1. Could you say which residue among C400, C382 is hydrophobic (A, V, I, L, M, F, W, C) and assigned to a helix (DSSP H, G or I)?
2. Say we look at the stretch 146-160 and pick out the residues that are assigned to a strand (DSSP E or B) and out of contact with any helix residue (DSSP H, G or I) (no Cβ under 8 Å at 6 or more places or on another chain); which of these is surrounded by the most Cβ atoms within 10 Å (Cβ to Cβ)?
3. Pick out, from the stretch 17-82, the helices (runs of 4 or more DSSP H) lying fully within it that include 2 or more residues that are modelled with pLDDT under 95, closer than 25 Å to V181 by Cα and open to solvent by 60 Å² or more (accessible area, probe 1.4 Å).
4. Please work out if D54 is over 28 Å from the mean Cα position of the chain (by Cα) and not aromatic (F, W, Y).
5. Among residues belonging to the stretch 284-322 that are of a type in the set (A, V, I, L, M, F, W, C) and in a loop (DSSP other than H, G, I, E, B), point out the one that is farthest from T347 (Cα to Cα).
6. Count, please, the residues in the stretch 152-184 that happen to be within 21 Å of K212 (Cβ to Cβ) and hydrophobic (A, V, I, L, M, F, W, C).
7. Please determine whether any residue of the stretch 66-82 is under 28 Å from R218 (Cα atoms), aliphatic (A, V, I, L, M) and within 26 Å of the chain's Cα centre (by Cα).
8. Please verify whether L373 is open to solvent by less than 10 Å² (accessible area, probe 1.4 Å) and either under 30 Å from A209 (Cβ atoms) or in contact (Cβ under 8 Å) with a residue 60 or more places away in the chain (or both), treating the condition exactly as stated.
Amino acid sequence: MVRYLKAARRKAAMEAASAQLRETVSKIILDVEQRGDAAVREYARRFDGLDRDDYRLGPEEIGACINSLTSQEREDIEFARDQVRMFAEAQRATLQDLEIEQRPGIILGHRHIPIENVGCYVPGGNYPLLASAHMSVLTAKIAGCDRVITCAPPFKGEPARYIVAAQALDGADEIYCLGGVQAVAAMAVGTERIAPIDMLVGPGNAFVAEAKRQLYGRVGIDLFAGPTEVLVIADETVDGELCATDLLGQAEHGPNSPAILLTTSERLGRETMGQIELLLEKLPTAEVARQAWEDFGEIIVCEDRAEALREADRIASEHVQVMTGDDSYFVDNMKNYGALFIGPRTTVAYGDKVIGTNHTLPTNLAARYSGGLWVGKFLKTCTYQKITTDEASADMGAYCSRLCMMEGFVGHAEQANVRVRRYGGRNVPYGSAVSPE
């Protein structure tokens, strides 16, 4: 039976958006739909503190952001971009079109068709998350999407230069300095200046998440992203400092970010608790990280690795860091997680920023049924059928006719019957099932 050395004060699962939040988001979306660019400008002034006639950045502004980078900054951004590109290209190569001859004269197949218009939201209120540009813009481009546009809020009253540079280097077709619900709504419903998109991707705050929820169906989305989560599975093969660092490194995302240590070692659990207190004394983001740890942090001691595995699948965390004497046990058997980080040499921060896998991942137990954003999310797998001989059409029609009549769909049956008559030369009375030969 599991034992809690520290339990969360609050439930980690995100509660449904409040009625007030839902209403606020709904009003903004409707206003943007009705008033277009005028509404976008009004909300941008109010929420972003940025007033422009046109929020699309021009070539000179984009060039200025790129040129403001030091040589090392540009090299680092391009290194991360290239890592993401290489992995996305390798993923795309696994997705092949298909065509088979199922029966003589019956051709079935599918094609992977890129989504035409994609809108990427890159959060940047407190932190300019340039890595999110790679994860969305670049991945969509690798998938082959024709038009990829992006919105990111200003940073300290100006276009966030790191984000803008990353977006441009990733190949974004249109770059807007625009944040919040107004940005998401403008991309989804369109305005006089912004042509609407078909799919909306990217994380954001509670308002952005609610906007995506309300717009889902009108446009496609990647997933509903909640607060960042991390689960560390560890034993005596590592120490408390490493575990504490990996927990707090994700807790600094926000005051409601769950950070959980799952261990078979009570000694490691207590050592980690002590290290967390020491690190919080010197971490610049300690105010946020401490609140997340106190409210949502947990240390759970399990009897053995089998119990730890069951707990890990129950928690279904967004990020799972595995540092044990037998990492392969968890890698081979875990079913519910967003992404795995295997062994002490890797860490969630690598995945967040630079290693190449996508950091837009399922939260709030969604890992039970969904993976994260990847190149395949930007592709529609569409099937096709073709019959090349008279005999094959008549043969398939006979089966189809009888099945349709079982369901009472006479019109459907006639679609089959007319082909049995035409290509099979059989006399089938109108509205009847084709009899067996």
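1. C400
2. Just the residues of the stretch 146-160 that are assigned to a strand (DSSP E or B), to begin with: 147-152, 155, 158.
Imposing the further condition that a residue be out of contact with any helix residue (DSSP H, G or I) (no Cβ under 8 Å at 6 or more places or on another chain) reduces the set to 147, 158.
Values: R147: 16, E158: 12.
It comes out as R147.
3. Helices (runs of 4 or more DSSP H) meeting the threshold: 19-35.
4. In short, yes.
5. As a first pass, look at the stretch 284-322 and keep what is of a type in the set (A, V, I, L, M, F, W, C): 286, 288-289, 292-293, 296, 299-302, 306, 308-309, 312, 315-316, 320, 322.
Now restrict to residues that are in a loop (DSSP other than H, G, I, E, B): 302, 316.
Values: C302: 22, A316: 18 Å.
For the stretch 284-322, the residue satisfying everything is C302.
6. Counting residues in the stretch 152-184 that are within 21 Å of K212 (Cβ to Cβ) and hydrophobic (A, V, I, L, M, F, W, C) gives 10.
7. Of the stretch 66-82, the ones under 28 Å from R218 (Cα atoms) are none.
Looking for residues that are under 28 Å from R218 (Cα atoms), aliphatic (A, V, I, L, M) and within 26 Å of the chain's Cα centre (by Cα), one finds none in the stretch 66-82, hence no.
8. yes
The values are calculated or read from the model by the stated rules, or taken from the named source; none is laboratory data. Computed from a predicted model, the values in this text were never measured in an experiment. Here Cβ is always computed from backbone atoms with ideal geometry, including for glycine, and neighbour counts include all displayed protein chains. To get the accessible areas, we keep the full protein, side chains included, count just its heavy atoms, and leave off ligands, DNA and RNA. Shrake-Rupley method; radii C 1.70, N 1.55, O 1.52, S 1.80 Å.
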